[in-house]
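**Student:** Supplied in structure tokens, the structure appears directly below.
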Amino acid sequence: MTTNLSPDAPVDEQHWGQPASHDRVIVTLDALLDAGFVAELVPSVDAGRRRALELLPDGCSVFTSASETLRLSGLDEAINQSGHYDAIRPRVWGMDRATEMAEIRRLSATPDVVIGSVSAVTETGALVAVSASGSQLPAYAGGAGRVIWIVGSQKIVPDLAAALDRIERYALPLENARCEVAYGHPSSINKVLIVNREPFQGRTTVLLVDEAIGF
């Protein structure tokens, strides 16, 4: 897998951006359940947002990973601005990177709950998360007490090879464009987490949305 595509690389919206068929969604849902995830099919983005919030106990520490899915669904705002939770992201943004980096790492890596999305989910029940900085990956992999991923059905792919192809050829150009606007520079595929199975019962919930959201 290469990681140096031009920010102007063409995006195949028809191939990678359309919701999966209902049959493929059900196959993927069953595979996720077989792999030890708590997997739920939600019919819409609004339903996914409501369900995600139902899963968050009031007062718990929550780290929202950087995610267009969270932003577009309203979950980022609902969690970080509601006052119902110990929201980690606003706290760490207000901390000094020069003197408080160790505490920033601890807070983001070990919340009660981390909530975000992934870049691809396979019909065999694997999930692939990609990061330029890696900041959300420790919590995903094992640091957080619970993980909630909200995933649009357009991210369903047949296997891991197709997942990496989707990330490189579809998600990366879109993330490049977002980063250029937000930060003044493109993104890159620096760190990849592949989760094949959840060995701890009840730790990871995948809310599979029967619509397209995010990229």
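Every number here is computed from the coordinates shown, using simple stated rules; none is lab data. Bear in mind that the values here come from a model prediction, so they are computed numbers and not experimental data. Cβ placement follows ideal geometry from the backbone for every residue including glycine, while neighbour counts extend to all protein chains displayed.
**Student:** For R197 and A47 in one chain, what is 0.36 nm times their gap in residues minus the Cα-Cα distance, to one decimal in nm? Intermediate values should be presented prior to the final figure.
**Tutor:** Working: separation 150, 0.36 × 150 = 54.00 nm, distance 2.53 nm.
Length difference between fully extended and current span is 51.5 nm.
**Student:** Next question. Top mean-square fluctuation among S153, S82, S44, Gaussian network model of the chain, C-alpha springs under 10 Å?
**Tutor:** Comparing S153, S82, S44 in the GNM, the peak value goes to S82.
**Student:** Here's something else I'd like to know. How would you order 127-140, 176-189, 50-63 from highest to lowest mean count of nearby Cβ atoms within 10 Å? Provide the component values of the computation, followed by the final result.
**Tutor:** Details: 127-140: 19.9, 176-189: 14.6, 50-63: 16.4.
Output ranking for 127-140, 176-189, 50-63: 127-140, 50-63, 176-189.
**Student:** Extending each Cα 7 Å along its Cβ direction at S133 and A102, get the distance between those two points in nm, one decimal.
**Tutor:** Inter-label distance under the simple model: 2.0 nm.
**Student:** At a 10 Å Cβ-Cβ cut-off, how would you order T110, T69, fewest neighbours first?
**Tutor:** Neighbour counts put them in this order, fewest first: T110, T69.
**Student:** Assuming a viscosity of 1.002 mPa s and a temperature of 20 °C, what translational diffusion coefficient in µm² per second does Stokes-Einstein assign to the chain, Rh being the Kirkwood radius over Cα pairs? Mind dumping the intermediate values first?
**Tutor:** Values: Rh = 17.4 Å.
Approximately 123 µm²/s, per Stokes-Einstein.
**Student:** Loop only per DSSP, at most 14 neighbouring Cβ atoms within 10 Å: give me the GluC sites (Glu not before Pro) in the range 55-137, ordered by residue number.
**Tutor:** Numbers: sites: E68, E77, E100, E103, E123; in loops: E100, E123.
Answer by residue number: E100.
**Student:** Treat each spin label as a single point 7 Å out from the Cα along the C-beta direction, and report the D159 to N190 distance in nm.
**Tutor:** 3.1
**Student:** Taking neighbour Cβ counts within 10 Å as the exposure measure, how do D210, D23, D86 sort from fewest upward?
**Tutor:** On the way: D210 18, D23 8, D86 15.
In increasing order of surrounding Cβ atoms, one gets D23, D86, D210.
**Student:** Most fluctuating residue of T122, T99, T204 in a GNM of the chain with Cα springs under 10 Å: which is it?
**Tutor:** T99
**Student:** Note the full-extension length gain between H15 and A177 as 0.36 nm times their separation in residues minus their Cα-Cα distance, in nm to one decimal. Before the final figure, lay out the partial values.
**Tutor:** Details: separation 162, 0.36 × 162 = 58.32 nm, distance 1.90 nm.
Here the answer is 56.4 nm.
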